[in-house]
Amino acid sequence: MSFSVSLTQHASGAKPGETGVSCYPNEIPSFAGAELARLYGHIHSSPAFFETSRPMDNVSTYVARADNQISAILVFRLAGCVADVLNEFIAIDAQEVRRFADYVFAHFPAVRAIRFQAVQTDASALSYPVQVHNSKENWIITLPATAAEYTASLGKATREKIKRCTKKVARDLPTYTFEFRERETIRETDVRDLIRLSQARITSKGKLFGIDEAETLRILRMAWRCGMMNVTRVDGRLCAGMITYHVGDDFLTEVIAHDPAFNDYSLGQLCYHTTICESIARGAKRFHLGGGREEYKARMLGVRQDMDRLVIHRSSTHMALNAALVVRTAAAGRVRRAKVWMLANPDSRVTRAVFASLAGLRRLSGR
């Protein structure tokens, strides 16, 4: 789709202006990576994620400036009558969202709606018809300057468990080792072994496992580009591990798993603790534990940050013309509420019946 831009537009490599709004058609400019990390601090709002995990056709970059610095960068993809914002897990002022919406609707006549998949903003402040519902969550640990400070700040029971299990491992598992591998030094065999451990743990609980071959390849691409992997072995065999991604001052968890044969040693928790301590040593200021409602994330000092799916419609008339999108968004909101309820009530008969039905359907489909 071709378009013209009446506000400031910069060619690739040009020096950004100090005020106003600009658009970079069909590209993510070279300066965007560092600015995205500064503004949003999440791997799902980085060029590494966009380029390895999202379609890149019709992708452009919107840049807003205020007070002589970049105040917002939104990478978006035109798909029919919808502008999909690729940035996820971002907290952004409603004024910036409104300025972006004004710009998109003014310069892209075919766009009827703008969609954010995971954003934190005040949707009520927008002067457009909107649909909004909770879509995802992320647990974030704000890290101190040293690993010793982090460990000391954990609850007494958690500290004592880590200390006790560390001693038990040293006593009972003389071949226990762990190392950290980065980017291209991460071995594909280790990643696949870790995913198999994760699959065994999740399916043993009667839950569906979401990592197929395509997702495995995506994880490998990301790991080789910006990843760090904790590889924990006993007798030379992978028995626990953790893959994280690094962007700016932030590390984000992708996969963590351990062999249930070592449950008595809490290798999963030890793996988490050693990885967090390593990230602090590497200068991290925040550690993202991902989504879910597991209690251990709070014990590791994670604070839950809720994100919304936000659809901004050009007008009430265009909202009516976009009936299919409106219905899909409303349905997604109901599914999300049901999922959150089941996560909060994992032992209910309804939850068990749903997971059993889904597992049966997957077996029938041969997956």
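In plain terms, the C-alpha convex hull of region 51-108 casts an average shadow of 4.6 nm² when viewed from every direction. For the chain, the Cα gyration tensor yields ellipsoid semi-axes of 39, 25, 19 Å (square root of five times each eigenvalue, largest first, whole Å).
What's the angle, to the nearest 10 degrees (0 to 90), between helix 323-344's Cα axis and the longest principal axis of the chain? Result, in degrees: 20. The translational diffusion coefficient of region 144-284, from Stokes-Einstein at 20 °C and 1.002 mPa s with a Kirkwood hydrodynamic radius over alpha carbon pairs, comes to 136 µm²/s.
Under 18 Å of direct C-alpha separation, and excluding same-chain neighbours fewer than eight residues apart, Lys136 reaches these aspartates and glutamates: Asp84, Glu88, Asp122, Glu254, Glu294, Glu295, Asp306, Asp308. Put a plus charge on the Cβ of each Lys and Arg, a minus charge on the Cβ of each Asp and Glu, and nothing anywhere else: the dipole of the chain about its Cα centre is then about 1320 debye.
Taking 0.36 nm per residue of separation and subtracting the current Cα-Cα distance, fully stretching the chain between Cys277 and Arg349 would add 22.0 nm.
The 3J(HN,Hα) values that the Karplus relation (6.51, -1.76, 1.60; θ = phi - 60°) gives for region 184-194 are, in residue order, 5, 7, 6, 8, 4, 4, 5, 4, 5, 5, 5 Hz. Gly and Pro appear as x.
Starting with the fewest neighbours, write out Trp341, Trp224 ranked by other beta-carbon atoms found within 10 Å of each beta-carbon.
Listing Trp341, Trp224 from fewest to most nearby Cβ atoms yields Trp341, Trp224.
Placing +1 on the Cβ of every Lys and Arg and -1 on the Cβ of every Asp and Glu, with nothing else charged, gives region 144-284 a dipole about its Cα centre of roughly 480 debye. For Cys239, Cys277, Cys226, the sequence from fewest to most other C-beta atoms within 10 Å is Cys277, Cys226, Cys239.
For the pairs Lys167/Lys205; Lys207/Lys285; Lys207/Lys297; Lys163/Lys207, note any where the Cα-Cα span goes beyond 24 Å. Intermediate results must be reported in sequence, preceding the final value.
Details: Lys167/Lys205 29 Å; Lys207/Lys285 33 Å; Lys207/Lys297 19 Å; Lys163/Lys207 31 Å.
Correct reply: Lys167/Lys205; Lys207/Lys285; Lys163/Lys207.
Counting only alpha carbon atoms, the long axis of helix 156-172 and the longest principal axis of the chain meet at about 50°.
Computed from the coordinates by the stated procedures, all read-outs in this text should not be read as laboratory data. Bear in mind the structure is a predicted one, so any value in this text is a computation, not a measurement. Every residue, glycine among them, receives a Cβ derived from its backbone with ideal geometry; neighbour counts consider all protein chains shown.
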